[in-house]
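Just below is one structure, and these are the notes that go with it.
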Amino acid sequence: MLDDRTDLDGLRSGIEKITEQWFGHRGPWMGISAEKLSGTRMPDPLKWIYHFAGEWPSSSWWESVFAYQDRLLPFESLEVCEGKLVFVIENQGCWMIGTLTEGSDPPVWVRENEDGAPWRKLGDSLTEFLVTFCLHEIVFGARYRTHVDNILDRFRELGCHVSPLWINSPYVYLFDDQATRPISFHMVDGKFLVMDDGWCGTSVETPWERFPDLFQKPDESPRRIQGHEPFPDDMDIPDFVRKSHIETLIRRHQMQADYHQDMILKYSLMIEQLR
């Protein structure tokens, strides 16, 4: 999985499998429709990620399965900035990532969110960047996270199997006159995703029981906003945010209703043909 960087379809398939492993089964209504995408100027890899997960609900404030640390912009919020199609922003808006408005696998650029800031090359492959970005968000979107220096050696000492998954791929690092830094991902026992030998995320239950020195038991279960429900009344959230969230829920449930209605008609026609 994720071995051949020239196999773009294989990379996309690998990310789809890992995302479902971490966040659950993908409903057919969780992506932007092919009809919408066909009428939009976008490079092929962006059409893939939005068709796969452009409407995938999550527990993040931005209501995207790929928006826990940095943020995949909603499909309706995409914009062109100085010739680049901006599709990812840093969680505090410090920088943005853009690509070309078309192509099979165009390059990717990053720029600070300041007037006059230049676009700086981040990588030559949009697909490779999306793999890195998705894995980055999966780590931070996992149910439980920890940060322990040299955590891979700690896992090895405990008899775990460590598998390299995605090695030395560039990600944003706008410090010391650099635009990028390489980051790597490893899988541990197929259930723990490690980034840069420090950050680790997992969706397994009670990881602190197996690894008490690596995971700390929370004082209470983490409160996670369910993507299919309104915000709880006791959460201090502005009304305009609540309104936007409810509007998203209406749209999401309408998409599900349309999907199931289409399936009803399809199966009804199959019965008619059997008579």
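Run residue 169 past the list (1) surrounded by 18 or more Cβ atoms within 10 Å (Cβ to Cβ); (2) more than 21 Å from the chain's Cα centre (by Cα); (3) not in a helix (DSSP H, G or I) and report the number of the one that doesn't hold.
Looking at each condition in turn, residue 169 falls short on (2).
Return the total of residues in the range 18-53 being outside any helix (DSSP H, G or I) and basic (Lys, Arg).
Of all residues in the range 18-53, those outside any helix (DSSP H, G or I) come to 24-27, 31-33, 39-43.
This time we only want the ones that are basic (Lys, Arg), so: 26, 41.
Of the residues in the range 18-53, 2 are outside any helix (DSSP H, G or I) and basic (Lys, Arg).
If a residue must be over 18 Å from residue 64 (Cα atoms) and either touching a residue at least 40 places away in the same chain (Cβ under 8 Å) or assigned by TED's automatic domain parsing to the domain that holds residue 54 (or both), how many such residues does the range 248-257 contain? Spell out how you get there, then give the answer.
Here is the first cut: in the range 248-257, the residues over 18 Å from residue 64 (Cα atoms) are 257.
Pick out the ones that are also either touching a residue at least 40 places away in the same chain (Cβ under 8 Å) or assigned by TED's automatic domain parsing to the domain that holds residue 54 (or both) and you get none.
Matching residues across the range 248-257 total 0.
How many residues are touching an Asp or Glu at 6+ places or on another chain (Cβ under 8 Å) and among the basic types (Lys, Arg) if we restrict to the range 68-110?
So the count comes out to 1.
Condition first: farther than 14 Å from residue 187 by Cβ and among the acidic types (Asp, Glu). Now tell me which residues in the range 1-20 satisfy that. Before you say what the answer is, go through the steps one by one.
First, pick out the residues of the range 1-20 that are farther than 14 Å from residue 187 by Cβ: 4-13, 16, 20.
If the condition is that a residue be farther than 14 Å from residue 187 by Cβ and among the acidic types (Asp, Glu), then 4, 7, 9, 16, 20 are the ones that fit.
Looking at this structure, is residue 193 farther than 20 Å from residue 130 by Cβ and at pLDDT 95 or above? It would help to see each step written out before you state the result.
Details: farther than 20 Å from residue 130 by Cβ: no; at pLDDT 95 or above: yes.
When the stated conditions are applied, residue 193 does not pass them.
Does the range 69-101 hold any residues that are at pLDDT below 95 and charged (D, E, K, R), and which are they?
Matches in the range 69-101: 70, 71, 76, 79, 82, 90.
Output yes when any residue across the range 233-250 is at pLDDT 80 or above, part of a helix (DSSP H, G or I) and of a type in the set (Lys, Arg), and no when none is.
No; the residues of the range 233-250 include none that is at pLDDT 80 or above, part of a helix (DSSP H, G or I) and of a type in the set (Lys, Arg).
Against the condition assigned to a loop (DSSP other than H, G, I, E, B) and more than 25 Å from the chain's Cα centre (by Cα), how does residue 213 come out, does it pass? Explain how you work it out, then say what you get.
On the way: assigned to a loop (DSSP other than H, G, I, E, B): yes; more than 25 Å from the chain's Cα centre (by Cα): yes.
Yes; evaluated as a whole, the condition is true for this residue.
Go through (1) within 17 Å of the chain's Cα centre (by Cα); (2) surrounded by fewer than 20 Cβ atoms within 10 Å (Cβ to Cβ) one by one and return the number of the condition residue 185 breaks.
(2)
State which residue pairs qualify: first residue over 16 Å from residue 125 (Cα atoms) and inside the range 6-19, second residue part of a loop (DSSP other than H, G, I, E, B) in any location, beta carbons under 6 Å apart, and separation of 6 or more residues or different chains.
14/1; 14/2
Provide a single number: the residues in the range 164-218 that are of a type in the set (Gly, Ala, Ser), within 18 Å of residue 5 (Cα to Cα) and touching a helix residue (DSSP H, G or I) at 6+ places or on another chain (Cβ under 8 Å).
Residues in the range 164-218 being of a type in the set (Gly, Ala, Ser), within 18 Å of residue 5 (Cα to Cα) and touching a helix residue (DSSP H, G or I) at 6+ places or on another chain (Cβ under 8 Å): 1 in total.
The values are calculated or read from the model by the stated rules, or taken from the named source; none is laboratory data. As the structure is a computational prediction, the values presented were derived from the model and not from experiment. No Cβ is skipped: glycine too gets one built from the backbone with ideal geometry, and neighbour counts run over all protein chains shown.
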